[in-house]
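Worksheet: one structure, shown below.
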Amino acid sequence: MKKPHLKAPRRMQDMRIRHMAAYEHPLFIERGASYDAEMIIAFVSKFAQLHPTVVGQLPYNDLKKYYKHCVGLFEGFQLGAPSPEITINGTEYELINLKQPPTSWVVDCDNSDFEKDPVLLACRCYIPKGTKYGEVDEHGVLKYPASDRHEIFGEHFPLQQYLNLQGFFLQQYTRYARRYTAIISLKRKAAKFKRKMRGWMQSIWSLKKVA
């Protein structure tokens, strides 16, 4: 059987949203600094998108080296402001005004499960440049639905840009929860979203001490 080749981004700028699944794995959050084999297999399988049984056939030292490299990609990372514009595969997208978004956007976010589908957050916040969120045609059909860019964002949206967006979005989303106190689900969702983000980011910071 041919030995699988593990590919890894050289820099954090090369990471994509799909890589975040590895850092959200329960075993990573629970035992991220332990370097135990079970946790490393789970992490690498998510990061490299390989089946755990395939990853388990590789030498432990190779997996540990790969794992430490992936964790080390966060060295020096600090959250910043989300980019107002981003180009993906030649198409320009712009960030909506998160401080004064259209009401339809708030409703769409309340009906979205960003934990289950993190790519959807990027799709909700970045729209084709020169368009308006929720814009419809003469028949009342949505012209630029999130589904149109979901696949390309999932494959190519930079993780660093996503984390900056996530942090800023969280601040704004919490404000909406306070403002629309009648929407109880919005408040609960914002709190849950915040706990999850804090959990896996803390695991990364602790790992940097032992890497």
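Residue by residue, here is whether (1) buried (at least 16 other Cβ atoms within 10 Å of the Cβ); (2) touching a strand residue (DSSP E or B) at 6+ places or on another chain (Cβ under 7 Å) holds:
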residue	(1), (2)
His139	no, no
Leu142	no, yes
Tyr162	yes, no
Gln166	yes, no
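On the given criteria, is Ile96 touching a helix residue (DSSP H, G or I) at 6+ places or on another chain (Cβ under 7 Å) and not assigned by TED's automatic domain parsing to the domain that holds Gln166?
no
Out of Lys68, Lys132, which single residue is more than 25 Å from Glu155 (Cβ to Cβ), surrounded by 14 or more Cβ atoms within 10 Å (Cβ to Cβ) and at pLDDT below 95?
Lys68
Any idea how many residues of segment 1-35 are of a type outside the set (Lys, Arg) and part of a helix (DSSP H, G or I)?
The number of residues fulfilling the criteria is 14.
Tell me which residues, restricted to segment 36-58, are surrounded by fewer than 16 Cβ atoms within 10 Å (Cβ to Cβ) and either in a helix (DSSP H, G or I) or touching a helix residue (DSSP H, G or I) at 6+ places or on another chain (Cβ under 8 Å) (or both).
Within segment 36-58, Ala37, Glu38, Gln49, His51, Pro52, Thr53, Val54 qualify.
Going residue by residue through segment 93-101, is there one that turns out to be among the hydroxyl-bearing types (Ser, Thr, Tyr), in contact with a Pro (Cβ under 9 Å, 6 or more places away or on another chain), modelled with pLDDT of 90 or more and surrounded by 15 or more Cβ atoms within 10 Å (Cβ to Cβ)?
Yes, that holds for at least one residue.
Could you list, ordered by first residue, the pairs with Cβ atoms under 9 Å in which the first is in segment 1-18 and within 9 Å of Leu73 (Cβ to Cβ) and small (Gly, Ala, Ser) and the second is part of a helix (DSSP H, G or I) and modelled with pLDDT of 90 or more, at least 6 apart or interchain?
Ala8/Asp14; Ala8/Phe47; Ala8/Ala48; Ala8/Tyr66; Ala8/His69; Ala8/Cys70
Just one of Leu58, Leu79 is outside the structural domain of Lys116 (by TED's automatic domain parsing) and at pLDDT below 90; which is it?
Leu79
Taking segment 114-129 as the search range and keeping residues that are closer than 19 Å to Leu142 by Cβ and charged (D, E, K, R), which one is surrounded by the most Cβ atoms within 10 Å (Cβ to Cβ)?
Per the criteria, the residue is Arg124.
Filter segment 102-113 for residues that are in contact (Cβ under 8 Å) with a residue 24 or more places away in the chain, part of a helix (DSSP H, G or I) and not charged (D, E, K, R); which is surrounded by the fewest Cβ atoms within 10 Å (Cβ to Cβ)?
Ser104
From the list Ile96, Ile86, which one is touching a residue at least 40 places away in the same chain (Cβ under 8 Å), of a type in the set (Val, Ile, Thr) and in contact with a strand residue (DSSP E or B) (Cβ under 8 Å, 6 or more places away or on another chain)?
Ile86
Report yes if Asp36 is without any contact (Cβ under 8 Å) to a residue 40 or more places away in the chain, outside the structural domain of Cys123 (by TED's automatic domain parsing) and among the charged types (D, E, K, R), otherwise no.
Against the criterion (without any contact (Cβ under 8 Å) to a residue 40 or more places away in the chain, outside the structural domain of Cys123 (by TED's automatic domain parsing) and among the charged types (D, E, K, R)), Asp36 qualifies.
The values are calculated or read from the model by the stated rules, or taken from the named source; none is laboratory data. Since we're looking at a predicted model, the values are computed, not measured. Reconstructed Cβ throughout: ideal geometry from the backbone, glycine too, with neighbour counts over all protein chains shown.
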